1. Quick one: in the range 111-123, which of the residues that are surrounded by 16 or more Cβ atoms within 10 Å (Cβ to Cβ) and under 12 Å from LEU12 (Cα atoms) is farthest from the chain's Cα centre (by Cα)?
2. Looking at the range 149-184, which of its residues are crowded, with 20+ Cβ neighbours inside 10 Å, among the acidic types (Asp, Glu) and closer than 12 Å to LEU40 by Cα?
3. Take residues that are closer than 17 Å to GLN135 by Cβ, open to solvent by 50 Å² or more (accessible area, probe 1.4 Å) and out of contact with any Pro (no Cβ under 7 Å at 6 or more places or on another chain) and tell me which of the strands (runs of 3 or more DSSP E) falling wholly in the range 9-104 contain 1 or more.
4. Among residues belonging to the range 124-140 that are out of contact with any Cys (no Cβ under 9 Å at 6 or more places or on another chain) and open to solvent by less than 10 Å² (accessible area, probe 1.4 Å), point out the one that is nearest to GLY58 (Cα to Cα).
5. Looking at the range 5-25, can you tell me whether even one residue there is at pLDDT 95 or above, touching a His at 6+ places or on another chain (Cβ under 7 Å) and among the charged types (D, E, K, R)?
6. I'd like the full set of residues that are polar (S, T, N, Q) and part of a helix (DSSP H, G or I), limited to the range 117-172.
7. Based on what the data block shows, is THR4 open to solvent by 40 Å² or more (accessible area, probe 1.4 Å), outside any helix (DSSP H, G or I) and in contact (Cβ under 8 Å) with a residue 12 or more places away in the chain?
Amino acid sequence: MPITTIDPNTALVVVDLQAAAVHMPTVHPFDGVLANAVRLADAFRAKKLPLVLVNVAGGAPGRTEHGFGAPDLPAGWSDLLPELNQQPGDKTVTKYTWGAFHNTDLAEHLQELGVTQVVVCGLSTAIGVESTARQAHEHGFHVALPIDAMTDLDAATHDNSVALIFPKLGETGTTAEVLAHLGA
């Protein structure tokens, strides 16, 4: 299903496109995902729409089958990728869980700006992107998800999010559709 509209006051939320992501074995070519995220970021800036750059700098401390929280991370691990061309007007959110809204000021920031919709992209589809999209939906924002501007480390989880979860949270489509609705 295509993205039908982009509200006049929509924010772009770019999730976890940071130094740690560059060498991860993603299921879609990382360079293409990054290029689409950069195209979106440039278009949102050109339209003077809010841009949120999210990085992850740790993990929740709960016990899982994969271990306890995040291990000690190397220096620079959470640095945003230079291709995103971070600007002073961009909002930066550092998270320590999967979603960008939990224990951050993101919801309040977007509400203060009068944002009614978010476009969410980045890494990884079934974790950071999906969790952020779920939280945005729960906060009452319309959600758009350009699936060619996201990827995952696992094809099955990516496909599950795109086919089964995202249509329940918002609208899915492509970077080109978002750009067309922006008039970019």
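The values are calculated or read from the model by the stated rules, or taken from the named source; none is laboratory data. The model shown is predicted, which means the values in this text are computed figures rather than measured ones. Positions of Cβ are backbone-derived with ideal geometry, glycine not excepted, and every protein chain shown enters the neighbour counts. Heavy atoms of the whole protein, side chains included, go into the accessibility calculation; ligands, DNA and RNA do not. Shrake-Rupley method; radii C 1.70, N 1.55, O 1.52, S 1.80 Å.
1. First pass over the range 111-123, keeping only residues surrounded by 16 or more Cβ atoms within 10 Å (Cβ to Cβ): 115, 117-123.
Pick out the ones that are also under 12 Å from LEU12 (Cα atoms) and you get 115, 117-122.
Numbers: VAL115: 16, GLN117: 13, VAL118: 9, VAL119: 8, VAL120: 4, CYS121: 4, GLY122: 4 Å.
Restricting to residues being surrounded by 16 or more Cβ atoms within 10 Å (Cβ to Cβ) and under 12 Å from LEU12 (Cα atoms), the top hit is VAL115.
2. Listed by number, the list is empty, since nothing qualifies.
3. 91-95
4. Applying the filter and picking the extreme gives GLY128.
5. Yes, because at least one residue in the range 5-25 is at pLDDT 95 or above, touching a His at 6+ places or on another chain (Cβ under 7 Å) and among the charged types (D, E, K, R).
6. THR125, SER131, THR132, GLN135, THR157, ASN160, SER161
7. Yes, satisfied.
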